[in-house]
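Scroll down for the structure; my scribbles are underneath it.
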Amino acid sequence: MENFRVLVVDDEPDFLETVVNRLLKRKIDAAPAPSGEAAMELLKENNFDVVLLDVKMPGGVGGIEVLREIKKLQPLTEVILLTGHASVETSIDGLKSGAFDYLIKPVKFTELMEKLIAAFEKKNVQEQKIRGAKIREIINFE
């Protein structure tokens with residue numbers, strides 16, 4: 001899928017590498033980030049359609065904090081939360097903070113792909129609505 005940019009954020013090197021490589025093989029532009037801090041740096045300089053984000057990562061910046069920052073920097077970017085530690089509270093917090101969905105590891109790659117595509121489609125619909133509103137605004141001015 002051309003022009004489909006995904007940022008994969010996970011502190012598990014094997015998982016991160018595997019997911020990024022599998023996305024790249026499917027012609028999806030995927031970038032890895034091994035920490036919340038690395039993700040924040042990439043998000044400041046790049047636009048992503050979807051972020052696949054591990055909730056629990058060691059270090060100073062956790063997944064929910066990264067999610068909130070993504071929604072400030074790139075409000076239309078969809079975020080799918082991933083965790084190996086299922087928690088109802090965390091999932092509710094993530095969804096309230098604007099996450100598109102919440103998946104529990106281990107996740108089947110086909111399920112992950114379905115969620116990524118659905119998130120990408122939602123972002124595209126939102127962008128089309130914004131473009132339509134801008135066009136209507138321009139037309140109504142004249």
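Kindly establish whether F4 is within 21 Å of H85 (Cβ to Cβ) and either exposed (fewer than 13 other Cβ atoms within 10 Å of the Cβ) or in contact (Cβ under 8 Å) with a residue 60 or more places away in the chain (or both). So F4 does not fit the description; no. Screening K115, K134, K123 for residues that are charged (D, E, K, R), in a helix (DSSP H, G or I) and in contact (Cβ under 8 Å) with a residue 40 or more places away in the chain leaves exactly one candidate, K123. The listed residues are V61, V79, and the only one of them that is surrounded by 10 or more Cβ atoms within 10 Å (Cβ to Cβ) and over 25 Å from N3 (Cα atoms) turns out to be V61. Within the stretch 98-139, the set of residues being among the small types (G, A, S) and exposed (fewer than 14 other Cβ atoms within 10 Å of the Cβ) comprises G132, A133.
Coordinate-derived values only; no laboratory data. Since we're looking at a predicted model, the values are computed, not measured. Backbone-built Cβ (ideal geometry, glycine too); neighbour counts: all protein chains shown.
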